[in-house]
Amino acid sequence: MRFVYPEGKSKALTFSYDDGQIHDRKLVEIMNRHGMRGTFHLNSGKLAPDRNHPVFVAAEEVAELYAGHEVAAHGVQHRNLPTLTHNQVVNEVLEDRRALERLTGGMVQGLSYAFGNYSEEIIVILRSLGVKYSRTVNSTNGFFPPADFMAWHPTCHHNGRLMELGQNFLSVPGYVELPLMYVWGHSFEFAGNNDWNVIEEFAELMEGKEDIWYATNGEICDYILAVRSQEFSGDGLTMKNPTATDIWLRKDDSRELLKVGPGQCVFLGER
C-alpha cells in the first residue's frame with residue numbers, strides 16, 4: 001500500500017503568491033477560471049483602506065477576492081525577520097495573523113518569508129506563534145514534498161522552466177511518493193512584464209486532470225503532516241490513524257483505494 005492524496009489523487013498542485021497587490025485580482029480570476037487553487041500571502045499593514053488605492057488590494061475585499069483560496073501571512077509590514085529582535089518578530093507575525101483572521105474569519109497558520117530570508121532561530125519563534133508552514137524562495141525544480149514545512153522550498157518561480165516542469169509533473173515517475181508541484185511568485189511580475197500568458201498557458205496545461213489534487217498550501221501541509229503521523233505495527237501490516245483527517249491509500253499496481261478515517265485501525269495485509 002502507498003499513501004495517495006484525498007479521493008485517490010496521485011499528485012498535488014499548489015500556488016503561492018505574495019504581497020497582495022491589485023494584480024492579484026486578475027491572477028485570481030485566471031486561477032478560478034481554470035480550477036487552480038493556492039495561497040495568497042498578505043502584509044496586513046499595507047492593505048489599502050479602500051478599493052481605489054493604486055498598489056495594494058483593499059482590506060474590505062480580502063474575504064471575497066480570495067474566496068476558495070487560502071490567505072496566509074507575509075509579515076504585517078514585510079520586514080526582514082532575521083534582522084529583528086525576538087519581540088519584533090513576534091509582533092510582525094502575530095499582528096499579521098490576527099489582522100488577516102479578522103478579515104477572513106478563518107485561521108491563518110501559514111507564512112512566506114519576506115525577502116525569502118529566515119534562520120533556525122526564526123523557525124523556533126514561528127512555531128511558538130502557531131505557524132505550521134512557511135515558504136522560502138529556493139526552487140527545487142523537483143516534486144518531492146518538503147522534509148520540513150517550516151522551510152518549504154517550492155518547485156519553481158513562474159519564470160523558471162514552468163512549462164517544462166509542468167510537462168514533467170504530468171508524467172512524474174512512480175518512485176516519487178505524494179508528488180507535489182509548487183509554483184510561487186508575485187502577481188505584479190505578470191503586470192510588469194506584460195506576460196500574463198505565462199500563467200494562462202500553464203493553467204490551461206494543468207486544468208481538469210483527474211489525478212491532480214488542486215489544493216492550497218495549508219491543505220497540502222495538513223494532509224502530509226497527517227500522513228506522517230500514522231502509526232504502524234511492528235510488521236507494518238496494521239495502521240492506526242490517530243489524526244482528525246481521512247487518510248487515503250492505494251494498493252500497489254491497483255486502482256483499489258482504502259480510506260482510513262480518524263481513529264480507525266485497519267489491517268493492510270495477511271500475516
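Values for this structure:
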read-out: Candidate set from the stretch 1-11 (those that are among the charged types (D, E, K, R) and surrounded by fewer than 17 Cβ atoms within 10 Å (Cβ to Cβ)); member that is modelled with the highest pLDDT; value: GLU7
read-out: Residue in the stretch 159-178 that is within 18 Å of SER112 (Cβ to Cβ), in contact (Cβ under 8 Å) with a residue 40 or more places away in the chain and either open to solvent by less than 10 Å² (accessible area, probe 1.4 Å) or touching a Lys or Arg at 6+ places or on another chain (Cβ under 7 Å) (or both) present; value: no
read-out: Single residue of the stretch 37-71 satisfying the filter (of a type in the set (A, V, I, L, M), surrounded by fewer than 22 Cβ atoms within 10 Å (Cβ to Cβ) and touching a residue at least 24 places away in the same chain (Cβ under 8 Å)) that is farthest from THR104 (Cα to Cα); value: VAL55
read-out: Candidates GLN88, GLN77, filtered to the one that is at pLDDT 95 or above, surrounded by fewer than 22 Cβ atoms within 10 Å (Cβ to Cβ) and assigned to a loop (DSSP other than H, G, I, E, B); value: GLN77
read-out: Members of the stretch 230-248 found to be acidic (Asp, Glu), loosely packed, with under 13 Cβ neighbours inside 10 Å and either in contact with a His (Cβ under 9 Å, 6 or more places away or on another chain) or part of a loop (DSSP other than H, G, I, E, B) (or both), listed by number; value: ASP235
read-out: Any chance GLU207 is touching a Gly at 6+ places or on another chain (Cβ under 8 Å), open to solvent by 30 Å² or more (accessible area, probe 1.4 Å) and not hydrophobic (A, V, I, L, M, F, W, C); value: yes
read-out: In the stretch 104-121, the residues that are open to solvent by 10 Å² or more (accessible area, probe 1.4 Å) and of a type in the set (Val, Ile, Thr); value: THR104
read-out: Members of the stretch 180-192 that are within 22 Å of ASN138 (Cβ to Cβ) and open to solvent by 10 Å² or more (accessible area, probe 1.4 Å); value: TRP184, HIS186, PHE188, GLU189
read-out: All positions within the stretch 249-270 that are in a strand (DSSP E or B), open to solvent by less than 60 Å² (accessible area, probe 1.4 Å) and over 15 Å from TYR5 (Cα atoms); value: VAL266
read-out: Residue check for ASP148: crowded, with 18+ Cβ neighbours inside 10 Å, under 24 Å from TYR182 (Cα atoms), modelled with pLDDT of 95 or more and acidic (Asp, Glu); value: no
read-out: Residue under evaluation ILE220, criteria (1) closer than 26 Å to GLN109 by Cβ; (2) open to solvent by 30 Å² or more (accessible area, probe 1.4 Å), criterion not met; value: (2)
read-out: Cβ pairs under 7 Å, 6+ apart, first in the stretch 108-127 and among the basic types (Lys, Arg), second outside any strand (DSSP E or B); value: ARG127/MET150
read-out: Residues of the stretch 12-36 that turn out to be in a loop (DSSP other than H, G, I, E, B) and open to solvent by less than 10 Å² (accessible area, probe 1.4 Å), as a count; value: 2
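The values are calculated or read from the model by the stated rules, or taken from the named source; none is laboratory data. Note that the structure is a prediction, hence the values are computed from the model and not measured. Every residue, glycine among them, receives a Cβ derived from its backbone with ideal geometry; neighbour counts consider all protein chains shown. Just so you know, the surface numbers come from the protein's heavy atoms only, side chains and all, with ligands and any DNA or RNA stripped out. Shrake-Rupley method; radii C 1.70, N 1.55, O 1.52, S 1.80 Å.
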